[in-house]
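Trainee: Attaching a single structure in structure tokens format; questions to follow.
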Amino acid sequence: MKGTYAERKKKLFNKLHIKQCAICGYKQTHLLDMHHILPHEKTEKVTTYVLHNKMKLAEEECYKCIALCAKHHREADSGSWHPSFLYHIAHIGEYWE
């Protein structure tokens, strides 16, 4: 997949049906981050794979993550939520619904 970083990220998110922050529903997908639910399972940042056009690896890494807006990504990184809560949100349904 060629194109700019933003174009590749948009195609990846569309393919994986990533449309909003799983916590608050923020819909500006170009501003969403992928947060690793279990940090010890992290192989690499999704951003790094997208930046270097390694889209298959980026897709595989996304399955270990939850889409969050910047605010909620910072909160998740600070330990505001237990990984089991994030796993539930990522696999069952968005919190904001």
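Here, each number is a calculation from the coordinates, and none is a lab measurement. Quantities reported herein were computed from a predicted structural model and do not represent experimental measurements. Cβ coordinates were reconstructed from backbone atoms using ideal geometry, including for glycine residues, and neighbour counts include every protein chain displayed.
Trainee: Provide Leu12, Leu68, Leu38 in ascending order of the number of other Cβ atoms located within 10 Å of each residue's Cβ, fewest first. Please report the intermediate quantities before stating the final value.
Mentor: Numbers: Leu12 19, Leu68 26, Leu38 12.
Fewest-to-most ranking of Leu12, Leu68, Leu38: Leu38, Leu12, Leu68.
Trainee: Translational diffusion coefficient of the stretch 5-92 at 4 °C, 1.567 mPa s, Stokes-Einstein with Kirkwood Rh over Cα pairs, in µm²/s as a whole number.
Mentor: Details: Rh = 12.9 Å.
Using the Kirkwood radius from Cα pairs, D works out to 100 µm²/s.
Trainee: Below 20 Å, Cα to Cα, which lysines can Lys64 reach? Residues fewer than 8 away in the same chain don't count.
Mentor: Straight-distance partners of Lys64: Lys9, Lys10, Lys11, Lys15, Lys19, Lys42, Lys45, Lys54, Lys56.
Trainee: What is the calculated FRET efficiency for Leu57 to His91, with r their C-beta to C-beta distance and R₀ = 25 Å, to the nearest 0.05?
Mentor: Using R0 = 25 Å, I get an efficiency of 0.75.
Trainee: A further question on this structure: Taking every eigenvalue of the Cα gyration tensor of the stretch 4-46, multiplying by 5 and rooting it, what semi-axes result, largest first, whole Å?
Mentor: One finds semi-axes of 18, 15, 8 Å for the stretch 4-46.
Trainee: Shifting gears a bit: Using unit Cβ charges (K, R positive; D, E negative) and no other charged atoms, how large, in debye to the nearest 20, is the dipole of the chain about its Cα centre? The partial results should precede the final answer.
Mentor: Numbers: 15 positive and 11 negative charges, 99 e Å.
Rounded to the nearest 20 debye, it is 480 debye.
Trainee: Report the relative contact order of the stretch 5-92, percent, no decimals, based on alpha-carbon pairs under 8 angstrom and at least 6 residues apart.
Mentor: Relative contact order for the stretch 5-92 comes out at 34 percent.
Trainee: Report, in debye and to the nearest 20, how large the dipole of the stretch 47-97 comes out about its Cα centre when Lys and Arg carry +1 and Asp and Glu carry -1 on their Cβ.
Mentor: I would put it at about 180 debye.
Trainee: Ordered by residue, what ³J(HN,Hα) values in Hz, to whole numbers, does the stretch 47-62 give under the Karplus form 6.51 cos²θ - 1.76 cosθ + 1.60, where θ = phi - 60° and Gly and Pro are x?
Mentor: Per-residue couplings from phi come out as 4, 5, 5, 5, 4, 9, 6, 9, 6, 5, 5, 4, 5, 4, 5, 4 Hz.
Trainee: Work out from phi, with θ = phi - 60° and the Karplus expression 6.51 cos²θ - 1.76 cosθ + 1.60, the ³J(HN,Hα) of each residue of the stretch 21-33, listed in order in whole Hz, and give x for Gly and Pro.
Mentor: Result, rounded to whole Hz: 5, 5, 8, 10, x, 4, 9, 7, 4, 5, 9, 7, 10.
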